[in-house]
Amino acid sequence: MERNLKNVLVISFGFLLLFTAYGGLQSLQSSLNSEEGLGVASLSVLYAALILSSMFLPPILIKKLGCKWTIAISMCCYIAFSLGNFYASWYTLIPTSVILGLGGAPLWSAKCTYLTIAGTSYAEKAGKNAKDVINQYFGVFFLVFQSSGIWGNLISSLILSQSSTKVEVSEEDLECCGAYNCLSDTTNTTESAKPSNSLIYTLLGVYTASGVLAVLLVIIFLDQIKSDQAETEKENLEAPSFWSTFLATFRHLKEKRQCLLIPLTMYSGFEQGFLSGDYTKAYVTCALGIQYVGYVMICFAAVNSLCSLLFGKISQFTGRKLLFALATVTNTACIIALLLWKPHPKQLAVFFVFPALWGLSDAVWQTQTNALYGILFEKHKEAAFANYRLWESLGFVIAFGYSTQLQAYVKLYILLSVLVLSMVTYGAVEYLEAKSSPGTPTATKKENGRPCSQETLM
């Protein structure tokens, strides 16, 4: 097996194991820890810590430790969050959420940097277009990674469905479900039907073991990428100051294209936050019960995973503009339908249609936006991907922050507004790129011995 591909698969399956645990826990937080809004509060704190981490830690850790050890150490922070859920309280979940947040930005920045360098290295050896190889590597990664939602939610559904507590939802309670949901946690009896502690401990034990396996997989099998080491050594010879590295994330905001991509990046956090925090609670748990949350999210993850691979491969033929248009139309249709739909247990199939369509759209946001960052900011990958996590995390913080304060219909209108703004600013990025290289869409030039694309990833 080609060495770069082996490393891509190691990272992919490491993230699969890690996010099998974290993804399942995140989907359940708003329903499992609904008392006083503890679940969504912990998620909001988590992503707030992730913002702070994005500002400072990724460039420093990646340069000091390299991508491999940054990934391994950051994964341990996710395990701490699983341990904190064993006794869910403000004194356990909030501190472990902060720990996870601090490790999140270095983890994702190191992953994105590793895949970008691996793709560029292989393209140079094989004589291929770097942007196409990078796009395919991200497609492979997200194919494997997004399936973590399938396994994590399948585990939670199978375990939590063993509960002997069955609750019939009355028509009166159903009035509090959907876009115009009631904000009180005590209104619907499904919210009080929590699984037994033994089932919760079993679930958390499986999740913790999955995280530990992820760390071991990376430590044992992942290579410290040579190109990364060479670049680090070169930068060390140039002796950059500590503050130069420390402020790399902020300096990158001087790049006009980076600023224009902020709304699109934040929207990724908004839309994922709504599905995992609001759709699961106001629609699924409210009308069907917490045991259905996992099954619904499996549908989202399965479609997301398959579409990630598909879009990663066909983007070089269709162009990213068409894919972004597809995601925009699909998300807009879902938002409008959710505003109009009144969920009812008799409409079981409909509960799965929305996450399926949402998964299709999210596959575009994830694969194309990640690859776009890797190509546009190839010379400043660490700072660029740190900005990606920073602004996406801000979207999560806002989405989870107002989760218990606003009705679902208000959140849907906010989501639609951010989506429209995102497409306007993304269009401006495309305009700037077209203007910077008129008549030479495939032109490339050499910088520092590496091909530097003058067009954005199509």
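Regarding residue 326, is this residue modelled with pLDDT of 85 or more and under 19 Å from residue 304 (Cα atoms)?
Values: modelled with pLDDT of 85 or more: yes; under 19 Å from residue 304 (Cα atoms): yes.
Yes.
Scan region 306-316 for residues that are modelled with pLDDT under 80 and of a type in the set (A, V, I, L, M, F, W, C) and jot them down. Full working, then the answer.
Narrowing region 306-316 to residues modelled with pLDDT under 80: 309, 312-313, 315-316.
309, the sole residue that qualifies.
Among 193, 179, 230, 248, which is modelled with pLDDT under 65, touching a helix residue (DSSP H, G or I) at 6+ places or on another chain (Cβ under 9 Å) and among the small types (Gly, Ala, Ser)?
Numbers: 179 fails: modelled with pLDDT under 65; 230 fails: touching a helix residue (DSSP H, G or I) at 6+ places or on another chain (Cβ under 9 Å); 248 fails: modelled with pLDDT under 65.
So the residue among 193, 179, 230, 248 that is modelled with pLDDT under 65, touching a helix residue (DSSP H, G or I) at 6+ places or on another chain (Cβ under 9 Å) and among the small types (Gly, Ala, Ser) is 193.
May I ask you to list the residues in region 352-361 that are touching a residue at least 24 places away in the same chain (Cβ under 8 Å), farther than 21 Å from residue 139 by Cα and surrounded by fewer than 21 Cβ atoms within 10 Å (Cβ to Cβ)? I'd like the intermediate steps shown before the answer.
The first filter runs over region 352-361 and keeps only residues touching a residue at least 24 places away in the same chain (Cβ under 8 Å), leaving 352, 354-361.
From the residues that got through so far, the ones that are farther than 21 Å from residue 139 by Cα too are 352, 354.
Answer for region 352-361, where residues must be touching a residue at least 24 places away in the same chain (Cβ under 8 Å), farther than 21 Å from residue 139 by Cα and surrounded by fewer than 21 Cβ atoms within 10 Å (Cβ to Cβ): just 352.
Take residue 364 and tell me if it is in contact with a helix residue (DSSP H, G or I) (Cβ under 9 Å, 6 or more places away or on another chain) and of a type outside the set (D, E, K, R). Give the derivation first.
Numbers: in contact with a helix residue (DSSP H, G or I) (Cβ under 9 Å, 6 or more places away or on another chain): yes; of a type outside the set (D, E, K, R): yes.
So residue 364 passes the test.
Here are the criteria: (1) at pLDDT 85 or above; (2) open to solvent by less than 20 Å² (accessible area, probe 1.4 Å). Tell me which single one residue 286 does not satisfy.
Among (1) at pLDDT 85 or above; (2) open to solvent by less than 20 Å² (accessible area, probe 1.4 Å), residue 286 violates only (1).
Residues 357, 406: which one is outside any helix (DSSP H, G or I) and farther than 19 Å from residue 425 by Cβ? Working first, answer last.
Numbers: 357 fails: outside any helix (DSSP H, G or I).
Sole residue among the options that is outside any helix (DSSP H, G or I) and farther than 19 Å from residue 425 by Cβ: 406.
Please tell me if residue 46 is open to solvent by 20 Å² or more (accessible area, probe 1.4 Å) and among the aliphatic types (A, V, I, L, M). I'd like the intermediate steps shown before the answer.
Working: open to solvent by 20 Å² or more (accessible area, probe 1.4 Å): no; among the aliphatic types (A, V, I, L, M): yes.
Considered against the rule, which asks whether it is open to solvent by 20 Å² or more (accessible area, probe 1.4 Å) and among the aliphatic types (A, V, I, L, M), residue 46 comes out as no.
Rundown of residues vs (1) among the aromatic types (Phe, Trp, Tyr); (2) open to solvent by 20 Å² or more (accessible area, probe 1.4 Å); (3) in contact with a Gly (Cβ under 7 Å, 6 or more places away or on another chain); (4) in the same structural domain as residue 21 (by the TED database), yes/no style:
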| site | (1), (2), (3), (4) |
| --- | --- |
| 115 | no, no, no, yes |
| 118 | no, no, no, yes |
| 123 | no, no, no, yes |
| 132 | no, yes, no, yes |
| 135 | no, no, yes, yes |
| 141 | yes, no, no, yes |
| 148 | no, no, yes, yes |
| 152 | no, no, yes, yes |
| 155 | no, yes, yes, yes |
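Table: residues versus (1) touching a residue at least 60 places away in the same chain (Cβ under 8 Å); (2) within 18 Å of the chain's Cα centre (by Cα); (3) part of a helix (DSSP H, G or I).
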residue	(1), (2), (3)
66	yes, no, yes
69	yes, no, yes
75	yes, yes, yes
80	no, no, yes
89	no, no, no
97	no, yes, yes
102	no, yes, yes
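The values are calculated or read from the model by the stated rules, or taken from the named source; none is laboratory data. What you see is a predicted model; the values in this text were computed from it and never measured. Every residue, glycine among them, receives a Cβ derived from its backbone with ideal geometry; neighbour counts consider all protein chains shown. The accessibility values were calculated without ligands, DNA or RNA, using every heavy atom of the protein model including side chains. Shrake-Rupley method; radii C 1.70, N 1.55, O 1.52, S 1.80 Å.
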